[in-house]
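Q: Input: one structure, supplied below.
The values are calculated or read from the model by the stated rules, or taken from the named source; none is laboratory data. Note that this is a predicted model, so its numbers are computed, not measured. Cβ atoms come from the backbone with ideal geometry, glycine included; neighbour counts cover every protein chain shown.
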Amino acid sequence: MKKQSLLAALLLAAPLAASAAPETYVFDPYHTYPNFAVDHLGISTMWGRFDKSSGKFTLDTAAKSGSVELVVETASISTGDNDKGARARARDEHLRAADFFNVAEFPQMTYKSTAVKFNGDAPAEVEGQLTLLGVSKPLTLKIDRWVCKAHPFNKKPVCGGNASGSFKRTDFGMKYGVPAVGDEIKLFIEFEAYKQ
Amino acid sequence: MQELLAHPAVQGAVAPLVVGLAVAALLLPVRLSGLAAVAGFLVAVALIGNFSFSTLTATRKLVLVAAAAPLLGVIADFAFKPTRIAGPVLGTLFGAAGLWIFWSVLAHQPLAQALRLAAGVVALVLWTVAAALPLQRDPVRAGAAGVGLGLGAGIGAVLGASALIGQYGMALGAASGGYVLLVMLLGRRVSAGASLALGVSVTAALLACAAVLLAKLPWYAAAVLGLVPLAARLPLPDRAHPGIQAVVAVFYAMVPAAGCWAIAWAASRTGG
């Protein structure tokens with residue numbers, strides 16, 4: 001009788017235990033792009049993005065915890081000026097050189113979380129370390145939008161949204177062109193990730 | 001003033017030229033005018049704001065080696081007279097330093113490509129140093145080689161998409177120009193020495209390598225710069241005023257430099 005009660009209790013608890021376990025989501029590379037904005041000569045705000053990134057996040061809504069890892073291929077930078085036309089070089093080629101992202105020496109930029117803060121069941125803020133040009137500095141990302149649901153077409157569980165933050169590029173040793181090309185980089189990440 | 005010092009033309013040309021001329025004049029009595037080139041180069045590095053070594057990137061290692069090369073040249077000038085073997089030996093030494101500088105870049109390449117690039121770095125540095133060091137006895141030719149090597153690597157780097165390496169190279173050329181100006185005014189009593197010949201050859205060769213590895217300067221455009229020290233050895237009008245000789249020597253040195261630019265430009269047109 002005692003054994004039967006224990007078994008029943010275990011069977012009842014099993015689904016609860018499963019839902020409390022951290023869930024892993026892998027970023028969809030076709031719908032995950034880090035975008036950035038930077039001042040140009042005090043005249044306008046230039047926008048750019050990285051076309052290739054990868055990574056994953058884990059989420060435990062019951063425990064209100066999670067983690068994020070994002071790897072950005074710096075050579076995939078695109079600011080809309082990749083065609084040099086009559087010039088010797090295009091702006092994107094200049095951004096890939098040692099002056100800015102130095103992609104030959106530092107092909108990847110990474111972000112790794114140290115803490116995730118929740119607002120109810122949804123993550124609201126991620127604290128972590130951004131590693132750029134071999135330098136790691138704290139960077140907090142605010143989750144501006146967060147949605148989890150079944151994908152409307154393939155019905156797979158998907159979470160996505162938008163995150164934003166900012167940092168000073170000189171903190172990472174990217175000093176070329178300051179102040180003509182602004183020091184503050186505003187980061188806007190659009191992301192979608194499928195549950196594994 | 002701050003705005004003026006932040007201007008790329010001041011950082012990469014005007015300030016190094018003035019500092020090169022001033023250092024060459026100030027150190028004339030102690031026969032260390034050859035330090036003019038590295039002084040102008042380091043001024044550009046400081047004005048651009050890269051005098052920081054907390055993360056030792058390839059360009060920062062390059063600055064360290066560029067600062068060390070003329071100091072080794074000073075030791076060579078005063079402690080011993082460099083012999084014929086000194087050029088290849090010092091070239092090999094600084095070629096090995098080049099591998100240290102660019103190791104973090106080579107490590108990301110497939111082995112065969114990394115070996116090819118490493119061999120190219122060592123070969124260009126070795127050749128340029130070995131060919132330039134004998135010019136140390138001739139201030140006109142050594143200064144002209146500095147102008148050609150610096151401007152060649154600098155403008156070549158700009159055409160290869162790096163304004164930073166470009167400014168470094170142009171600063172080296174401009175500072176060498178400041179030294180040449182003093183030679184034009186005072187003649188051959190302005191000493192060159194290994195401090196100048198070693199400083200400009202090591203720094204320019206490494207900058208050219210940096211423009212290949214960290215930007216998009218074609219390797220064959222960088223290789224053409226190896227002809228600059230040879231061009232600076234071409235015959236000069238012996239009886240002419242040193243000012244005229246300097247103009248002719250700089251013209252000679254600029255021919256291979258212009259060749260480097262032409263190749264870099266042509267490569268940029270064809271997608272290279």
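Q: Does region B:1-37 hold any residues that are part of a helix (DSSP H, G or I), without any contact (Cβ under 8 Å) to a residue 12 or more places away in the chain and within 14 Å of chain A (Cβ to nearest Cβ), and which are they? Working first, answer last.
A: Applying the first criterion (part of a helix (DSSP H, G or I)) to region B:1-37 yields B:2-5, B:8-26, B:33-37.
Now drop any that are not without any contact (Cβ under 8 Å) to a residue 12 or more places away in the chain, which leaves B:2-4, B:9, B:26.
Scanning region B:1-37 gives B:GLN2, B:GLU3, B:LEU4, B:ALA9.
Q: Suppose we filter region A:53-66 for residues that are surrounded by fewer than 17 Cβ atoms within 10 Å (Cβ to Cβ) and under 21 Å from the mean Cα position of the chain (by Cα); how many remain? Write out each step before concluding.
A: Applying the first criterion (surrounded by fewer than 17 Cβ atoms within 10 Å (Cβ to Cβ)) to region A:53-66 yields A:54, A:56, A:60, A:62-65.
Filter once more, keeping what is under 21 Å from the mean Cα position of the chain (by Cα): A:54, A:56, A:60, A:64-65.
Going through region A:53-66 one residue at a time, the tally reaches 5.
Q: Further, regarding this structure: Kindly indicate whether A:ALA37 is more than 11 Å from chain B (Cβ to nearest Cβ) and of a type in the set (Gly, Ala, Ser). Show your work before the answer.
A: Working: more than 11 Å from chain B (Cβ to nearest Cβ): yes; of a type in the set (Gly, Ala, Ser): yes.
Taking the combined requirement at face value, the residue satisfies it.
Q: I'd like the residue in region A:173-196 that is within 14 Å of another protein chain (Cβ to nearest Cβ) and surrounded by fewer than 15 Cβ atoms within 10 Å (Cβ to Cβ) and, out of all such residues, is farthest from B:ASN50 (Cα to Cα).
A: Step one: list which residues in region A:173-196 are within 14 Å of another protein chain (Cβ to nearest Cβ), which gives A:173-183.
Restricting the remaining residues to those that are surrounded by fewer than 15 Cβ atoms within 10 Å (Cβ to Cβ) gives A:179-180.
Details: A:PRO179: 14, A:ALA180: 16 Å.
Applying the filter and picking the extreme gives A:ALA180.
Q: Here are A:THR170, A:THR131: which of them is surrounded by 14 or more Cβ atoms within 10 Å (Cβ to Cβ), more than 30 Å from B:GLN2 (Cβ to Cβ) and within 14 Å of chain B (Cβ to nearest Cβ)?
A: Details: A:THR170 fails: more than 30 Å from B:GLN2 (Cβ to Cβ).
Going through A:THR170, A:THR131 in turn, just one is surrounded by 14 or more Cβ atoms within 10 Å (Cβ to Cβ), more than 30 Å from B:GLN2 (Cβ to Cβ) and within 14 Å of chain B (Cβ to nearest Cβ): A:THR131.
Q: May I ask you to verify whether A:GLU69 is surrounded by 17 or more Cβ atoms within 10 Å (Cβ to Cβ) and either farther than 26 Å from A:VAL135 by Cβ or of a type in the set (Asp, Glu) (or both)? Working first, answer last.
A: Details: surrounded by 17 or more Cβ atoms within 10 Å (Cβ to Cβ): no; either farther than 26 Å from A:VAL135 by Cβ or of a type in the set (Asp, Glu) (or both): yes.
So A:GLU69 fails the test.
Q: Among the residues in region B:160-170, are any under 29 Å from B:VAL89 (Cβ atoms), aliphatic (A, V, I, L, M) and more than 14 Å from every other protein chain (Cβ to nearest Cβ)?
A: no
Q: Would you mind finding the one in B:VAL255, B:VAL212 that is within 28 Å of B:VAL89 (Cα to Cα), within 14 Å of chain A (Cβ to nearest Cβ), assigned to a helix (DSSP H, G or I) and more than 14 Å from the chain's Cα centre (by Cα)? Spell out how you get there, then give the answer.
A: Working: B:VAL255 fails: within 14 Å of chain A (Cβ to nearest Cβ).
After ruling out the rest, the residue left standing is B:VAL212.
Q: Related question: Could you tell me which numbered condition A:ASP121 fails, if it satisfies all but one of (1) closer than 17 Å to A:ASP39 by Cβ; (2) of a type in the set (Asp, Glu); (3) at pLDDT below 95?
A: Just one mismatch for A:ASP121, condition (1).
Q: I'd like the residue in region A:78-102 that is in a loop (DSSP other than H, G, I, E, B), modelled with pLDDT of 95 or more and more than 9 Å from chain B (Cβ to nearest Cβ) and, out of all such residues, is surrounded by the most Cβ atoms within 10 Å (Cβ to Cβ).
A: The residue in question is A:PHE101.
Q: Output the residues belonging to region B:44-66 that are surrounded by fewer than 16 Cβ atoms within 10 Å (Cβ to Cβ) and more than 14 Å from every other protein chain (Cβ to nearest Cβ). Quick ask: steps written out before the conclusion?
A: First, the residues of region B:44-66 that are surrounded by fewer than 16 Cβ atoms within 10 Å (Cβ to Cβ): B:46, B:49, B:51-56, B:64.
Within region B:44-66, just B:LEU64 meets the criteria.
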